[in-house]
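The values are calculated or read from the model by the stated rules, or taken from the named source; none is laboratory data. Since the model is a prediction, treat every value here as computed from it, not as a measurement. FYI the Cβ positions are ideal-geometry reconstructions off the backbone, even for glycines, and counts take in every protein chain you see.
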Amino acid sequence: MGRLNGKTALVTAAGQGIGRASALAMAREGARVIATDINEAALADLAAQGVETCVLNVRDPAAITALAADLGRVDVLFNCAGFVANGSILECDEDQWAFSFDLNVTAAYRMCRAFLPAMIEGGAGSIINMASVASSVIAVPNRFVYSSTKAAVIGLTKSIAADFITKGIRCNAVCPGTVDTPSLQERMAASGDYEAARKAFLARQPTGKLAQAEDIAGLVVFLASDESAFVTGTANVIDGGWSNT
Ligand code: NAD
């Protein structure tokens, strides 16, 4: 018996990394999973693994409204889409600020607003929002706008949790540390010195290991399942001890 049997889960940014690993993990636990991403090619092989796919740009409000109307009620909504911008406030102009807030925060607002009414009508739902330890949890140098957006995701999460707990809705945030995903690999390569960048990421880890996307997917499955029925409004740190040292 799968831990998510009978549930429908919708995942954004499921083409690679944590979103993809979470979509596959939820499908393995018996959920009907609709994996969405802006990149159609990245979704291509998921269908063979029992996951439904659909192209969705979370920066497109009309597309979100249309998908919500089409799908109706989902039991689980995992808002995973996000972008890591580097730099301090001095490197962050208004366009970069607006882009990061739109993709990392406003997209989650749009998705929650579109899918909440049907969840409320059904009397149940679990929303999982992707934050980070780089947020209101800890300060990380050169992650100015990223950390600002992820702190906002935690606020958005707690607020929804408080407003809809009596309607059967749970809303929780996931706060990973450093996860070895395609975009992390790209960021290390883009630094100009891949080995030095990798060493710097590893140096932050008390275990000397980076998280894998599957490590985070395990937490997502728990928050999606009824095992976490009493868990809401939480910011779940999953960082291999980074923020505790
Ligand atoms: P990733 O960055 O490797 O992949 C991101 C995916 O998002 C891609 O498949 C891309 O096509 C998709 N995407 C980009 N723009 C989109 C849009 N407008 N609409 C829909 N999809 C879009 O994945 P990742 O590293 O696992 O990161 C996923 C989430 O986890 C992000 O919110 C990120 O901030 C967060 N996070 C990552 C880490 C890490 O170390 N990797 C740590 C903490 C939090």
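Quick test of your reading of the structure: residue 71 fulfils all but one of (1) over 30 Å from residue 97 (Cβ atoms); (2) among the aliphatic types (A, V, I, L, M); (3) buried (at least 24 other Cβ atoms within 10 Å of the Cβ). Name the failing condition by number.
Checking residue 71 against (1) over 30 Å from residue 97 (Cβ atoms); (2) among the aliphatic types (A, V, I, L, M); (3) buried (at least 24 other Cβ atoms within 10 Å of the Cβ), the one that fails is (3).
Search region 44-61 for residues that are within 14 Å of residue 81 (Cα to Cα) and part of a strand (DSSP E or B) and pair each with any residue that is aromatic (Phe, Trp, Tyr) and more than 12 Å from the ligand (Cβ to nearest atom) when their beta-carbon atoms are under 8 Å apart and the residues are at least 6 apart or on different chains.
none
Looking at region 1-21 only, could you name the residues that are β-branched (Val, Ile, Thr) and either surrounded by fewer than 24 Cβ atoms within 10 Å (Cβ to Cβ) or more than 11 Å from the chain's Cα centre (by Cα) (or both)?
8
May I ask you to verify whether residue 124 is within 16 Å of the ligand (Cβ to nearest atom) and over 27 Å from residue 199 (Cβ atoms)?
no
If I filter region 114-121 for residues that are crowded, with 20+ Cβ neighbours inside 10 Å and within 18 Å of residue 80 (Cα to Cα), do I get at least one hit?
Looking for residues that are crowded, with 20+ Cβ neighbours inside 10 Å and within 18 Å of residue 80 (Cα to Cα), one finds at least one in region 114-121, hence yes.
Table: residues versus (1) free of Cβ contacts under 8 Å to residues at least 60 places away in the same chain; (2) of a type in the set (S, T, N, Q); (3) surrounded by fewer than 20 Cβ atoms within 10 Å (Cβ to Cβ); (4) more than 14 Å from the ligand (Cβ to nearest atom).
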{"residue": "176", "(1), (2), (3), (4)": "no, no, no, no"}
{"residue": "199", "(1), (2), (3), (4)": "yes, no, yes, yes"}
{"residue": "213", "(1), (2), (3), (4)": "no, no, no, no"}
{"residue": "231", "(1), (2), (3), (4)": "no, no, yes, yes"}
{"residue": "243", "(1), (2), (3), (4)": "no, yes, yes, no"}
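If you scan region 157-191, which residues turn out to be in contact with a helix residue (DSSP H, G or I) (Cβ under 7 Å, 6 or more places away or on another chain), within 24 Å of residue 214 (Cα to Cα) and hydroxyl-bearing (Ser, Thr, Tyr)?
Listed by number, the residues that qualify are 178, 181, 183.
Looking only at region 142-174, filter to residues that are in contact with a Lys or Arg (Cβ under 9 Å, 6 or more places away or on another chain) and within 23 Å of residue 88 (Cα to Cα); which one of those is surrounded by the most Cβ atoms within 10 Å (Cβ to Cβ)?
Step by step, filter region 142-174, then rank; the result is 150.
Residues that are touching a strand residue (DSSP E or B) at 6+ places or on another chain (Cβ under 9 Å), modelled with pLDDT of 95 or more and closer than 20 Å to residue 17 by Cβ: which helices (runs of 4 or more DSSP H) entirely in region 116-220 hold 3 or more of them? Spell out the reasoning first.
Values: elements: 144-164, 182-190, 194-203.
The qualifying helices (runs of 4 or more DSSP H) are 144-164.
Taking only region 62-99 into account, find how many residues are part of a helix (DSSP H, G or I) and within 14 Å of the ligand (Cβ to nearest atom). Full working, then the answer.
Pass one, region 62-99, residues part of a helix (DSSP H, G or I): 62-71, 89-91, 94-99.
Filter once more, so that each one left must be within 14 Å of the ligand (Cβ to nearest atom): 62-64, 67, 98-99.
Residues that pass the stated criteria total 6.
Go through region 88-103 and give me each residue that's exposed (fewer than 15 other Cβ atoms within 10 Å of the Cβ) and of a type in the set (Ser, Thr, Tyr).
Within region 88-103, 88 is the sole residue that qualifies.
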